[in-house]
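Working notes for the structure below.
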Amino acid sequence: MSFEDSGKQILLFTGNSHQELARLVASRLSLRMGTCAVFQKSNQETQVEIQESVRGKDVFILQSGSRDVNDAIMELLIMAYACKTSSAKRIVGVIPYLPYSKQCKMRKRGSIVSKLLASMMCKAGLQHVITMDLHQKEIQGFYEIPIDNLRASPFLIQYIQDQIPGYQNAVIVAKTPAAAKKAQSYAERLRVGMVVIHGEAQVYEADQDREDGRNSPPLHEMGDQAVSGGSKSSGQVWPNSIPGL
């Protein structure tokens, strides 16, 4: 696949999260990497300098969630906003690993950080997002722009079949019961066995979601009031009414 005829209208930029991947993508598609400078100033602020015209062009920004995830997010947002204010025709974010995708549910007195990030990316100027293997498919509903959730499993399965001799004698291992569903999917397509590791009792995400701390007042505080005693006002418990006191 080549974009040589339209190469002048397509630009691929990248931050510091995975420059090698960006070069491989540009080479595979016969695209020229756009020139930009992404760096941190002495006070750790992120600064971006787009060093060529993006007016009227389709801009792809490849940026993944790396070890320094917060820096990667700021680089992506600032690059998208810089292209937006420079009159780019279309801005597409290519994000193989979407940061904060695991924080997509309300737990206790926290927040849905994945929704916050989606709002920031849309506000910065991204018009389309391409990502892979979202933690939950429902995350796509947080975005006001199109989002493509690609799957890596077909390529992984093809690699196993082509590159691993005797894979038919292997088994797929789910390291926790929570991963059993995905492991079963791989095992069925490869036609091999599956193993689930059951270790010590752990609190999985499904169990954490059952208690989100939104009781008013929280149940543990009501228990503290009951033990310490209360007044004659309605709704509070006198010590004498508690068994054993």
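Distance from the C-alpha centroid of the stretch 77-144 to that of the stretch 12-36: 20 Å, rounded to the whole angstrom.
Computed over the Cα atoms of the stretch 1-158, the ratio of the radius of gyration to the Kirkwood radius (Rg/Rh) comes to 0.97.
Stretch residue 16-residue 37 to full length: gain in nm at 0.36 nm per residue minus the Cα-Cα span? Write down the numbers at each step before the final one.
Numbers: separation 21, 0.36 × 21 = 7.56 nm, distance 0.97 nm.
Here the segment from residue 16 to residue 37 would lengthen by 6.6 nm.
To the nearest 10, the accessible area of residue 75 is 10 Å² with a 1.4 Å probe. Think of each Lys and Arg Cβ as +1 and each Asp and Glu Cβ as -1; about the Cα centre, that makes the dipole of the stretch 40-182 roughly 680 debye.
Taking R0 as 35 Å, what's the FRET efficiency between residue 151 and residue 45 from their Cβ-Cβ distance, rounded to 0.05?
Numbers: r = 37 Å, r/R0 = 1.05.
Calculated value: 0.45.
In loop segments of the stretch 136-198 as defined by DSSP, the trypsin sites (Lys or Arg not before Pro) with at most 10 further C-beta atoms inside 10 Å of their C-beta are 151, 191.
The modelled label-to-label distance between residue 144 and residue 160, using points 7 Å beyond Cα along the C-beta direction, is 4.2 nm. Karplus-derived 3J(HN,Hα) values for the stretch 25-40, using 6.51 cos²θ - 1.76 cosθ + 1.60 with θ = phi - 60°, are 5, 5, 5, 5, 9, 6, 10, 8, 5, x, 9, 7, 10, 10, 8, 10 Hz; glycine and proline are entered as x. Normalised per residue, the accessible area of the stretch 52-144 is 51 Å², obtained with a 1.4 Å probe and no contribution from ligands, DNA or RNA.
From largest to smallest, what semi-axes in whole angstrom does the stretch 118-204 give when each is the square root of 5 times an eigenvalue of its alpha carbon gyration tensor?
Details: eigenvalues 214, 75, 14 Å².
Whole-Å semi-axes of the equivalent ellipsoid: 33, 19, 8.
Do any of 89/137; 105/181; 108/182; 89/182 go past 30 Å between their Cα atoms, and which?
On the way: 89/137 28 Å; 105/181 20 Å; 108/182 27 Å; 89/182 39 Å.
Check vs 30 Å cut-off fails for 89/182.
Taken over the stretch 1-85, the alpha-carbon convex hull comes to 86 cubic angstrom per residue.
The values are calculated or read from the model by the stated rules, or taken from the named source; none is laboratory data. Everything numeric here is computed off the predicted structure, so don't read it as measured data. No Cβ is skipped: glycine too gets one built from the backbone with ideal geometry, and neighbour counts run over all protein chains shown. Side chains are part of the model used for accessible areas, which takes the heavy atoms of the whole protein and leaves out ligands, DNA and RNA. Shrake-Rupley method; radii C 1.70, N 1.55, O 1.52, S 1.80 Å.
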